[in-house]
1. Can you tell me which condition residue 345 does not meet? The list is (1) out of contact with any strand residue (DSSP E or B) (no Cβ under 9 Å at 6 or more places or on another chain); (2) part of a loop (DSSP other than H, G, I, E, B), and all the others hold.
2. Please specify each residue of the stretch 257-297 satisfying the condition of being part of a strand (DSSP E or B), within 21 Å of the chain's Cα centre (by Cα) and within 19 Å of residue 245 (Cβ to Cβ).
3. Residues that are in a helix (DSSP H, G or I) and assigned by TED's automatic domain parsing to the domain that holds residue 48: does the stretch 368-390 have at least one?
4. Residues that are under 23 Å from the mean Cα position of the chain (by Cα): list the strands (runs of 3 or more DSSP E) wholly contained in the stretch 138-204 that include at least 3 such residues.
5. Please list, ordered by first then second residue, the pairs with beta carbon atoms under 8 Å, 6 or more apart or interchain, first in the stretch 167-184 and not assigned by TED's automatic domain parsing to the domain that holds residue 123, second modelled with pLDDT under 95 and surrounded by 14 or more Cβ atoms within 10 Å (Cβ to Cβ).
6. Residue under question is residue 340, and the condition is that it be at pLDDT 95 or above and within 27 Å of residue 280 (Cβ to Cβ); does it hold?
7. If you go through the stretch 298-314, how many residues are touching a helix residue (DSSP H, G or I) at 6+ places or on another chain (Cβ under 9 Å) and either part of a helix (DSSP H, G or I) or within 30 Å of residue 76 (Cβ to Cβ) (or both)?
8. Test residue 98 against the stated conditions and say whether it is touching a helix residue (DSSP H, G or I) at 6+ places or on another chain (Cβ under 9 Å), assigned by TED's automatic domain parsing to the domain that holds residue 377, more than 18 Å from residue 359 (Cα to Cα) and without any contact (Cβ under 8 Å) to a residue 60 or more places away in the chain.
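The values are calculated or read from the model by the stated rules, or taken from the named source; none is laboratory data. As the structure is a prediction and not an experimental result, all values here were calculated from the model. All Cβ positions, even for glycine, are placed from backbone atoms using ideal geometry, and neighbour counts span all protein chains on display.
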């Protein structure tokens with residue numbers, strides 16, 4: 001009845017969304033019938049951390065769930081980058097190994113955001129938001145969801161709108177992207193988190209240094225930075241040093257802007273809506289699957305196709321890393337409505353989808369526990385990792 005009520009309410013509130021919402025409702029009801037009587041049997045990995053694998057042979061499905069006690073004071077989330085401290089592509093196990101030991105001991109992880117692959121420009125660039133230990137390394141993308149931990153330590157998931165912009169000496173404002181492919185008519189700010197060089201083919205690039213004692217790197221969300229122009233280059237692919245940033249302007253944009261000279265001071269804003277000032281960990285993904293226990297309508301391409309899937313879910317007491325295997329005899333995968341329905345039955349009130357397909361992986365206590373569809377780990381851009389810190393005062 002719990003699942004039926006959630007779906008019925010969601011449909012009633014969103015009936016104008018059309019056929020796809022109705023299909024989501026029907027898929028959820030069918031899901032309830034398929035898993036009737038099935039339940040996850042958890043194994044306790046350590047106090048406050050459980051892992052379980054549910055098999056539904058009639059489908060077939062193989063679902064992996066990591067259940068985390070949100071009240072544990074010694075548990076902490078962090079994100080990773082494929083390049084360690086810079087964008088790149090690497091297996092999750094290598095990314096986990098790059099987490100600084102002083103932060104804690106990794107005990108669980110799940111793959112993260114959608115990203116630029118080896119066959120695209122800017123490989124390893126997350127498609128959406130990422131905050132790595134307080135550093136803003138990737139800006140939110142339009143119409144995509146983000147997961148973060150707020151100042152009270154509570155998980156949040158919603159669309160985040162980028163307000164990143166530069167204020168020129170004359171007062172003109174120009175929006176910019178962050179550590180991503182720069183378009184001919186766009187502006188992108190490159191920080192050391194991008195790598196050694198901007199990898200741009202052309203354009204005008206401003207080499208920026210710290211303006212006296214103003215706040216500087218690492219770049220953090222919700223701040224205003226004062227940057228002095230060290231040099232102006234009318235070519236692309238400039239070097240990014242540990243203490244500089246590069247503001248790259250596409251040729252079409254540069255032609256419309258008043259040129260600036262070395263010594264000019266620019267103001268860089270890293271504002272977002274909602275504000276993420278002070279946030280230490282955030283990762284992109286989407287769409288949001290549950291809000292207040294209600295299944296959300298899905299209006300994304302191929303939502304009704306079956307694929308390996310990954311998701312984050314939570315309620316007042318627990319956070320869940322969830323993965324369903326797919327594209328194999330063991331498990332066919334799920335549609336997004338089926339995944340949302342499973343998250344409701346799991347007890348989640350809120351949930352967000354992550355990258356799926358060959359990227360869908362869950363790591364627990366030193367090993368990948370699911371069955372990746374390629375038969376091996378895929379190189380991915382980022383991950384969400386659960387750490388256990390040493391609790392000198394003693395743990396519960």
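1. Among (1) out of contact with any strand residue (DSSP E or B) (no Cβ under 9 Å at 6 or more places or on another chain); (2) part of a loop (DSSP other than H, G, I, E, B), the lone unmet condition for residue 345 is (2).
2. Going through the stretch 257-297, the residues part of a strand (DSSP E or B) turn out to be 265-269, 272-273, 282-285, 288-291, 294-295.
Imposing the further condition that a residue be within 21 Å of the chain's Cα centre (by Cα) reduces the set to 272-273, 282-285, 288-291, 295.
Within the stretch 257-297, just 272 meets the criteria.
3. no
4. On the way: elements: 145-149, 155-159, 165-167, 173-175, 187-190.
Those strands (runs of 3 or more DSSP E) span 145-149, 155-159, 187-190.
5. 180/122; 181/122
6. Details: at pLDDT 95 or above: yes; within 27 Å of residue 280 (Cβ to Cβ): no.
Against the criterion (at pLDDT 95 or above and within 27 Å of residue 280 (Cβ to Cβ)), residue 340 does not qualify.
7. 5
8. On the way: touching a helix residue (DSSP H, G or I) at 6+ places or on another chain (Cβ under 9 Å): no; assigned by TED's automatic domain parsing to the domain that holds residue 377: yes; more than 18 Å from residue 359 (Cα to Cα): yes; without any contact (Cβ under 8 Å) to a residue 60 or more places away in the chain: yes.
When the stated conditions are applied, residue 98 does not pass them.
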